Amino acid sequence: MQHDGRDNVISRSLWPFGFALAAAAFLVGLVLSWWIVAIGGGAALVIGALWITDTIRRQHPHLLEETEGHRIDAPAVAPARPAPAGPTLSRSRFLEASTLGLGAVMGGALTVPAVGFMIAPAFEQQRHGDANLGPLDNFPEGTYMVTTFMLDKRKGDVSRRTAYIRYNGLLQEQPSFTIVSNRCAHLGCPVQPSGPISEQPKLIETSNGEVTLREANPAGFSCPCHGGAYDAEGNRTAGPPVRALDRYEYSIRGGELYLGKMYSVGTVHGTGAHARIRKFTLAAPGQHVDDWEWWLYPLQPPH
Ligand code: FES
């Protein structure tokens, strides 16, 4: 068979570069947003297909287009059957392509499930509904209640969280609450109320499972890990934390208190129902949210 030497020519192409960019976007999207995953994945598929087509066109033009006058040399010994009229593929090329294809399929079959099982739980944990903490009269005005509850009843105690909840009275005829997370804004240790806590917990049953309430009258909150300290509104007063304690959104339905999503806070101005708070998307412990140092954390994983 005649050989035109094309197999030995390595031609330059931008497809690998484009494919690498799309794959990078896909991986970054896994951390940041499903939209970026979709765009990166789609672009990778399209570019990959174009790359393969282009490679085949360069190396085997007869497979993709029938060129007029294209002729295959006759073998030395006449074949038992007549040669097919369409495009042909040599045995060595066929074996090479089969081996690569099977390798890719087996590699994908082993890798994709493993990677899926690895990263899926991290995203599953983010999905939960609002947590029902029971009737409003369990929260006396002006007193912090150390409240432990389950974010997701189906997951049981592994989803149990603690929040410090204070009823501030009515604001414009609506109940007002201060609800701070016990997650330290330094490295995430559980902060404790700086003051006495009732030793007689009150247990109530809600649609979210059991909720435990303990009365407390803290002057603030402190972190046992590295000495971080916060005032009663959750503002940092000492130690390494970089911002105030995170807070929970809340809603009141049918006379019961529901906790929603968490959000981050730089500084709280004022107190109680009259506090002025600028909300930020929930940030990881240690991340600034409202000053120039925020620019050091442009990308944040989901929480
Ligand atoms: S984790 Fe709270 S001060 Fe370090």
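The values are calculated or read from the model by the stated rules, or taken from the named source; none is laboratory data. Bear in mind that the values here come from a model prediction, so they are computed numbers and not experimental data. With ideal geometry, Cβ positions are generated from the backbone for all residues, glycine too; neighbour counts draw on all protein chains shown. The accessibility values were calculated without ligands, DNA or RNA, using every heavy atom of the protein model including side chains. Shrake-Rupley method; radii C 1.70, N 1.55, O 1.52, S 1.80 Å.
At-a-glance table
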item: Within the range 242-255, considering residues that are aliphatic (A, V, I, L, M) and either open to solvent by 40 Å² or more (accessible area, probe 1.4 Å) or near the ligand (Cβ under 9 Å from one of its atoms) (or both), the one nearest to H186 (Cα to Cα); result: V242
item: Condition check for R214: open to solvent by 40 Å² or more (accessible area, probe 1.4 Å) and either within 13 Å of the ligand (Cβ to nearest atom) or of a type in the set (A, V, I, L, M) (or both); result: no
item: Conditions (1) closer than 23 Å to T271 by Cα; (2) open to solvent by 10 Å² or more (accessible area, probe 1.4 Å); (3) outside any strand (DSSP E or B): number failed by A185; result: (2)
item: Selection from the range 188-203 of residues that are open to solvent by less than 70 Å² (accessible area, probe 1.4 Å) and in a loop (DSSP other than H, G, I, E, B); result: G188, C189, V191, S194, G195, S198, P201
item: Whichever residue in the range 256-278 is of a type in the set (K, R) and at pLDDT 90 or above and, among such residues, is most open to solvent (accessible area, probe 1.4 Å); result: R276
item: Residues (within 30 Å of E141 (Cβ to Cβ) and without any contact (Cβ under 8 Å) to a residue 60 or more places away in the chain) located in the range 269-288; result: H269, G270, T271, R276, I277, R278, K279, F280, L282
item: Residue check, G239 within 16 Å of the ligand (Cβ to nearest atom), at positive phi and either open to solvent by less than 40 Å² (accessible area, probe 1.4 Å) or touching a strand residue (DSSP E or B) at 6+ places or on another chain (Cβ under 7 Å) (or both); result: yes
item: Any chance T148 is among the hydroxyl-bearing types (S, T, Y), away from the ligand (no atom under 16 Å from the Cβ) and either assigned to a loop (DSSP other than H, G, I, E, B) or touching a Gly at 6+ places or on another chain (Cβ under 8 Å) (or both); result: no
item: Residue that is farthest from the ligand (Cβ to nearest atom) [pool: residues in the range 217-236 that are crowded, with 19+ Cβ neighbours inside 10 Å and of a type in the set (A, V, I, L, M, F, W, C)]; result: A232
item: Contacts under 7 angstrom Cβ, first residue in the range 29-44 being closer than 21 Å to W15 by Cα, partner open to solvent by 20 Å² or more (accessible area, probe 1.4 Å) and at pLDDT below 80, 6 or more apart; result: V37/L30
item: Boolean, A38 is modelled with pLDDT of 80 or more and either over 30 Å from A283 (Cα atoms) or open to solvent by less than 80 Å² (accessible area, probe 1.4 Å) (or both); result: yes
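This table checks each residue for (1) at pLDDT below 75; (2) among the β-branched types (V, I, T); (3) open to solvent by less than 70 Å² (accessible area, probe 1.4 Å); (4) on the phi < 0 side of the Ramachandran plot.
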position	(1), (2), (3), (4)
L100	no, no, no, yes
G103	no, no, yes, yes
G107	no, no, yes, yes
V112	no, yes, no, yes
A120	yes, no, yes, yes
R127	yes, no, no, yes
N138	no, no, yes, yes
